1. Please state the charge dipole magnitude for the stretch 46-93, taken about the Cα centre, from unit charges on C-beta atoms (+1 on K and R, -1 on D and E), reported in debye and rounded to the nearest 20.
2. Quick one: which residues, 5 or more positions from residue 182 or on another chain, have an amide H under 5 Å from its amide H? H modelled 1.01 Å from N in the peptide plane, none for Pro or chain starts.
3. Given a cut-off of under 8 Å on Cα pairs at least six residues apart, what relative contact order in percent is computed for the chain?
4. Can you work out the Karplus-derived ³J(HN,Hα) for every residue in the stretch 235-252? Use 6.51 cos²θ - 1.76 cosθ + 1.60 with θ = phi - 60°, whole Hz, and x for glycine or proline.
5. Apply the Karplus curve 6.51 cos²θ - 1.76 cosθ + 1.60, θ = phi - 60°, to the phi angles in the stretch 184-200 and return the couplings in whole Hz, x for Gly and Pro.
6. When 1/r is averaged over all different Cα pairs and the result inverted, which Kirkwood radius in Å belongs to the chain?
7. What is the magnitude of the charge dipole of the stretch 2-263 about its Cα centre, with +1 placed on the Cβ of each Lys and Arg, -1 on the Cβ of each Asp and Glu, and no other charges, expressed in debye to the nearest 20?
8. Under 14 Å from a point placed 7 Å out from the Cα of residue 31 along the Cα-to-Cβ direction: which residues of the stretch 215-237 have their backbone N that close?
Amino acid sequence: MKKIYTIAIALFAPLCLIDSANAQYMEPTTVTTDDLRGRIEAAVEWSATKNLDIEAGIETRLNNNIGSVDRLHSFLSAEYSINKHLNIGGDYILINIHDNATKLWEKPRHRVNFNVEGSTKVGNMEFSLRERVQTTFRTDSVNRYEKPNPEIILRSRLMATYKIPLSRWSPYILFELHNSLNAPKAVANYKKEPLEIDNYITRYRGGVGVKYRVDRDHRLDFYYYFDLDRNYNIDYKGNKGDMKGHILERELRHIFGISYKFKL
């Protein structure tokens, strides 16, 4: 337990200092909204070798108080167990985003994740720490002073799972931080000033859930996440390059989800 606490402090303390030291060119206007969201996922797992697992699936995400389709994630992932305490892996995700205003699908995005996860067991408890580098490539044209392409995020997740003895239920809790690694910093005029990179925490996530093992091949996962999502929206005049707007968008998200996985 002492080892887990030390790792957690070493991980999250520097990120909080980065966030508190964050400074933008001009004080942004803050806009806060909230939303109730949903996620439904279905996936298939296959043990390719003794230590290598492959997974493929699709996830539907809902927004606007679970009244509209937000996006579809189609994914393929692989995870390799180096030993009983350490796993490495990667994911490819095709993201199709739905514009609720126009009722059209926007240009897709491609996401690649690289993961390293360590875990340890203490009695019936399992503690895990996952570091994920998330890289998202856009297919539309953007001003790199307004939005990065690709966008690179460091996701740090600490999770604790309890295996109930003689039961198929395993409740868990988690906490996760998303830290931007290449967000553009606001400048007065992007045509006159060089591009500078900013780093700040874009998301705080807390979650609770429970996994249910139906049988050896079928598993369910029910969860709730509370997200505080925060991003800087920077807008410049296209002809002169002067800053037109600088907004800190904060969204409180309540996310309820269910995942079904079938193991071949």
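FYI, it's all coordinate maths here, none of it is from the lab. These numbers come from a predicted model, not from an experiment. Don't worry about glycine lacking a Cβ; one is built from the backbone with ideal geometry, like all the others, and counts go over all protein chains shown.
1. Working: 4 positive and 6 negative charges, 17 e Å.
I would put it at about 80 debye.
2. Those qualifying (amide H under 5 Å, at least 5 residues apart or on another chain) are 152.
3. Values: 672 pairs, mean separation 48.6, N = 264.
Across the chain, relative contact order equals 18 percent.
4. Running phi through 6.51 cos²θ - 1.76 cosθ + 1.60 with θ = phi - 60° gives 10, 10, 6, x, 7, 9, x, 6, 5, 9, x, 8, 10, 8, 8, 10, 10, 8 Hz.
5. Once θ is set to phi - 60°, the couplings for the stretch 184-200 become x, 8, 5, 10, 5, 8, 6, 7, 10, 10, x, 5, 10, 9, 10, 10, 7 Hz.
6. Working: mean 1/r = 0.0490 Å⁻¹.
Evaluated over the chain, this radius sits at 20.4 Å.
7. Details: 39 positive and 33 negative charges, 106 e Å.
Here the stretch 2-263 has a charge dipole of around 520 debye.
8. From the stretch 215-237, the list is 230-236.
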